[in-house]
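Accompanying notes for the structure given below.
The values are calculated or read from the model by the stated rules, or taken from the named source; none is laboratory data. Predicted model only: the values in this text are computed from it and were never measured. Here the Cβ is made from the backbone with ideal geometry for all residues, glycine too, and neighbour counts use every protein chain on show.
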Amino acid sequence: MRSRDARTVDVRLGQRSYKIVISSGIIKRIGPYLARLPIGKDFVIITNPNLSSSYKSVLKGSIEKEGFTSRFVLMAEGEKAKSEKAISRAIAEISGFDRKKALSIIAFGGGVVGDAAGFIAAIYKRGIPYVQVPTTLLAQVDSAIGGKVAIDLPCAKNLIGAFYQPKLVLSDISILKSLPPRQIRSGLAEVIKYGVIADPRLFEYIEGHLNDIAGLDEDALRFIVSRCSAIKAGIVEADEFDRKGRRIILNYGHTIGHALEAASGYSKAYTHGEAISLGMAAANRIATRLGILDETVSDRINSLLKASGLPTAIKKLDPKKIYEAHLKDKKFSGSVNRFVLPVKIGRVRVEKDIKEAVIRRSLEECYGG
Ligand code: GLY
């Protein structure tokens, strides 16, 4: 079952431990992987219409060959899938065919599907097992790993959620080849983030293999997805419930990044990765202003972002609006802000209570033509 090109990363969380398997074409072999899990034999695949039309027969074929049942539940494309209404509708559909079954959920899609399906798994009958099969670079390196699942309310994103770990993550790198380049770049922002927060060798690898990555070379994809999965696994193992101040480093670039997404009304102006790229550029400015990051290192990070086709200069949006939006950031502790700032490639630190003037100036400096 296990192909020679497969890489496995363990996420060690006691009884909640699981494996991440990274391989090309792994969805064709999903059935045997599911057969090894101590879970039921009835699978609900939560996905969206596009992915379903491309991959339904492959998934169904492999799952049913093992003697399991499979049902597809389709969610809308995009963030709409994370609304209360969409979740209630999906749960009603699942409960409609849940008779004499031992259901488990398969989240087959990008970050939105992973969050929505994981959330349904966490709450349906007070929790049923689920498997993540992420189909975007961003989901493979980040959102499918770690167990944070959530849905949106009209007043805020990810407001209702849980920590609920999957039983298995299967990352099929061959699926990435069907993604539009903008989505690959969006995922690459998170990959660069991992290099800056934890791994200078990963950072150097990206610098040296940008053409291979952009050309979706399988060896390059396998390497970056495996490396990022291992880094994320290590951080989640150290701080599963985000209480020990370790998981916060994953938020490098996300304070201003989230503020940008909010200030632009979550429009298509920025993908998540593009917003994070700008957030990293802004964090670098703050860090150089505070004297904790050398200008040359900041330039090196920004050059890699630019060479990857990611933005480092904010356009159009009013800096005041971004500043206001950042005040709602979850990393605030009371009235005290917290930023994850790089000190060198491979090391970040959390800085608290950064002065308003420093943030505002840094944001202003991030504007460009
Ligand atoms: N689901 C993403 C995380 O747990 O960080």
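General observations
- Complete set of residues in segment 98-111 that are in contact with a strand residue (DSSP E or B) (Cβ under 8 Å, 6 or more places away or on another chain) and more than 15 Å from the ligand (Cβ to nearest atom): Lys101, Ala102, Leu103, Ser104, Ile106, Phe108
- Given (1) in a helix (DSSP H, G or I); (2) in contact with a strand residue (DSSP E or B) (Cβ under 9 Å, 6 or more places away or on another chain); (3) surrounded by fewer than 24 Cβ atoms within 10 Å (Cβ to Cβ), index of the condition Lys306 fails: (2)
- Hey, Gly114 out of contact with any helix residue (DSSP H, G or I) (no Cβ under 6 Å at 6 or more places or on another chain) and either within 16 Å of the ligand (Cβ to nearest atom) or among the small types (Gly, Ala, Ser) (or both) or not: no
- Members of segment 66-87 that are of a type outside the set (D, E, K, R) and either in contact (Cβ under 8 Å) with a residue 60 or more places away in the chain or not in a loop (DSSP other than H, G, I, E, B) (or both): Thr69, Ser70, Phe72, Val73, Leu74, Ala81, Ser83, Ala86, Ile87
- Test: residue in segment 44-53 that is in contact with a Ser or Thr (Cβ under 9 Å, 6 or more places away or on another chain), touching a residue at least 12 places away in the same chain (Cβ under 8 Å) and in a helix (DSSP H, G or I): yes
- On inspection, Gly25 passes the criterion of being modelled with pLDDT of 95 or more, of a type in the set (Gly, Ala, Ser) and on the phi > 0 side of the Ramachandran plot.
- Of residues in segment 144-157 being under 23 Å from Gly234 (Cβ atoms) and in a strand (DSSP E or B), the one farthest from the ligand (Cβ to nearest atom): Ala150
- Residues of segment 124-143 classified as without any contact (Cβ under 8 Å) to a residue 60 or more places away in the chain and either within 11 Å of the ligand (Cβ to nearest atom) or under 29 Å from Ile249 (Cβ atoms) (or both), total: 7
- Test: residue in segment 179-191 that is within 25 Å of Asp98 (Cα to Cα) and either free of Cβ contacts under 8 Å to residues at least 60 places away in the same chain or in contact with a helix residue (DSSP H, G or I) (Cβ under 8 Å, 6 or more places away or on another chain) (or both): no
- Residue among Val343, Val350 that is touching a Leu at 6+ places or on another chain (Cβ under 7 Å), at pLDDT 90 or above and more than 20 Å from Asn158 (Cα to Cα): Val343
- Test for Ile63: is it more than 16 Å from the ligand (Cβ to nearest atom), touching a helix residue (DSSP H, G or I) at 6+ places or on another chain (Cβ under 6 Å) and part of a helix (DSSP H, G or I): yes
- Residues that are within 14 Å of the ligand (Cβ to nearest atom) and assigned to a strand (DSSP E or B), drawn from segment 164-183: Val169, Ser171
- Residue identified as in a helix (DSSP H, G or I), surrounded by 15 or more Cβ atoms within 10 Å (Cβ to Cβ) and not acidic (Asp, Glu) among Gly187, Gly161: Gly187
- All of (1) within 14 Å of the ligand (Cβ to nearest atom); (2) without any contact (Cβ under 8 Å) to a residue 60 or more places away in the chain; (3) aliphatic (A, V, I, L, M) hold for Ala90 with one exception: (1).
- Pairs, first closer than 15 Å to Arg338 by Cβ in segment 356-367, second of a type in the set (Phe, Trp, Tyr), C-beta under 7 Å, six or more apart: Ile359/Tyr323
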